[in-house]
Amino acid sequence: MKNQKQTIRKIVGYLNNPDEDGGFWLPNIQRPFVWGEEQICRLFDSILREYPISTLLIWKTISGIRRRKFIDNWTPTLKLSTFYVPEDTKRKCLVLDGQQRLQSLYIGLCGSFSGKELHFEVLSGTAALPDDIKYRFEFRPTTTTGFPWVKFKDLVFTSRRKRELIQDIEVKAGRPLTEDEKDKIESNLDLVDRTFKMDESITYQELDSIDNADLYTEDDVVEVFIRANSGGTKLEKSDLLFSLLNATWDVADNRMEELLEDLNRHGFAFDRDFVLKTCLVLLNQGAQYEVSKFRKPGVREDIESKWGELSASIKAVADFVRSKTYIQCDKALPSYLALIPLIYIRHHFPAAWSAAKNVDTFLVRTLLAGAFGGQSDRIIDALVKRFKEIERFDAEEGYTVIRSQSRSLEITKDRFFEMGYGTKTIHLILNLWYPAFSHTPAYDNNLPQVDHVFPQSRLRAVKLPSLDTGRPVMKYRDDARNQLANCMLLTRAENGAGGKSDTTPADWFEDKDDDYLSLHLVPKDKSLWAMDRFEDFIAERKKLITDKFSWLIA
């Protein structure tokens, strides 16, 4: 393994450039770019402060590995498939570790972020604490940005003298610069030259499979890649498994993108991890992720040849959930894994699936009980095994299987009412409670919002003298304030500007009709709406909620 050093300007010139030792590219196994504007700007601040930015890991090879270009103009809607490069056996360098840093440098120095280019405030550089920003960078629209902001790429990729650059900056300022300003700008330009053009501040380790083909085989490189990505933005095992699928199926990325777009267009968040695990289960390979399964003869070929049927089964169950149950959105589905045994029935026994009963109740009970939380592979495999034996879906059989795996499905009153504000299950309860609400509006800003009936701020203000010290302490702790019986769902309009906010129940419900009170299961005895009747209100509202969910609560 060789250590190499380069200047930042030189290394950026390697990206997507086959004329520079074959160029630097991203192997398809690499996850998508995830840094935001602030992280990119912090990287550039770190470089000007001459902080180390860690070592990169590069694989030099001639293997026909699928790869893609670095992104120049990043937008939230771009597709990675746009950046794929045709496979070849030419010399190339693949970035195994350091994608986020190199991609950030490329966007900042050669492209844009959401249509905005990276600008540097040339008068910045005052002393700052280690965690603060010293050199200010921002992505800004070039046409409307003026002094003291300068497009940073114009400072890095220029051969002009400092005197000319300072004169240009002065013209853009529209006034003569002070001597202090000129000194600061000159100092910053010297710093840019040193850190980006002169100092070899980028270090990369090179795995050379061209000169040492036996030393670094493809299996060795995959293992190095996994270990190198064990921290930071962690590599998911699905990335590795999918890369193995990509190795033999040219259009795997496109097919996966198309499927996920179909699945998620109604407010869900299915991901590649879920799809790959489901494919393994449908092909009777078990739910546990193991790289060896994707290397077994026939598995990848089966996924490719049966993709139409596999994806159709996944979409059919997703459509069923959205249209035939009260689970309307991602937040109301705390574990997508609960769907895999259902997809198995739909895939292998389609007629039995069409006649299945109580699927919605099965989903609600298992999700609220957390049956698929933690290590769920055994649960999935056990359910699939039983449903395969009886060749149909049967809710009671499913409950028996789950209980046999030492998972409780009993939802007692205490357990139910603990599912309050901030829990993973409250949105599922509210989807059941408020089926008429739109939980998937056209705009996220219009999502209904969970709110407290008795406002948090007012409950926090209620004090009692401490039994130990006599000092006033908060009477209602988090568990009391956030309990389900103190929650309600409001539309965006109701809870937005000028809406409920910290309005007391007495004021908020005063002009509401009976239908509104019934919808929110609010006791109609107005005396219970007073702030000093909180506990009495909760007791009465629990009775109304218990009646509504009597079919579920044990």
Using only the alpha carbons of segment 90-168, what is the convex hull's orientation-averaged projected area in square nanometres?
8.2
Which order do peptides 507-519, 83-95, 152-164 fall in by mean Cβ count within 10 Å, highest first?
83-95, 152-164, 507-519
Pick out, from ASN431, ALA530, MET256, the residue whose Cα sits farthest towards the positive end of the charge dipole of the chain, with +1 on the Cβ of Lys and Arg and -1 on the Cβ of Asp and Glu.
ALA530
On a straight-distance basis, which lysines could pair with LYS293 in a cross-link, Cα separation under 16 angstrom, same-chain partners fewer than 8 positions away excluded?
LYS237, LYS277
Pairwise over distinct Cα atoms, reciprocal of the mean inverse distance: report the Kirkwood radius of segment 336-385 in Å, one decimal place.
11.4
Let me have the 222 nm mean residue ellipticity of the chain computed from DSSP H runs of 4+ only, each contributing -39500 (n - 2.57), with the sum over all residues rounded to the nearest 500.
-12000 deg cm²/dmol
Restricting to segment 1-138, compute how many DSSP beta bridges are antiparallel as a %, nearest 5.
70
10 °C / 1.306 mPa s Stokes-Einstein diffusion coefficient of segment 503-553, Kirkwood radius on C-alpha pairs, µm²/s
139
Accessible surface of segment 282-423 [probe 1.4 Å, protein heavy atoms]: carbon and sulfur percent:
45
Normalising by the residue count of the chain, find the relative contact order in percent from Cα pairs under 8 Å and 6+ residues apart.
11
How compact and how long is the chain, expressed as Rg and Dmax of its alpha-carbon atoms in Å?
29.5, 86
By average C-beta atoms within 10 angstrom, highest first, the peptides 401-408, 57-64, 334-341, 535-542:
334-341, 57-64, 535-542, 401-408
Given +1 on the Cβ of Lys and Arg, -1 on the Cβ of Asp and Glu, and no further charges, what dipole in debye does the chain carry about its Cα centre, rounded to the nearest 20?
460
Could you give the accessible area per residue of the chain, probe 1.4 Å, as a whole number in Å²?
48
Given LYS10/LYS151; LYS116/LYS182; LYS475/LYS500; LYS134/LYS182, the pairs whose alpha carbons are separated by over 25 Å
LYS116/LYS182
Among DSSP beta bridges whose residues both lie in the chain, state the antiparallel percentage, nearest 5.
75
For 102-113, 275-286, ranked highest to lowest by mean beta-carbon neighbours within 10 Å, the order is 102-113, 275-286
Choose one of VAL34, THR195, THR503: the residue whose Cα lies farthest towards the positive end of the charge dipole of the chain (beta-carbon charges +1 Lys, Arg; -1 Asp, Glu; about the Cα centre).
THR503
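The values are calculated or read from the model by the stated rules, or taken from the named source; none is laboratory data. Being a predicted model, the structure only gives us computed values, none of them experimental. Cβ atoms come from the backbone with ideal geometry, glycine included; neighbour counts cover every protein chain shown. Heads up: the accessible areas ignore ligands, DNA and RNA and are worked out on the full protein's heavy atoms, side chains in. Shrake-Rupley method; radii C 1.70, N 1.55, O 1.52, S 1.80 Å.
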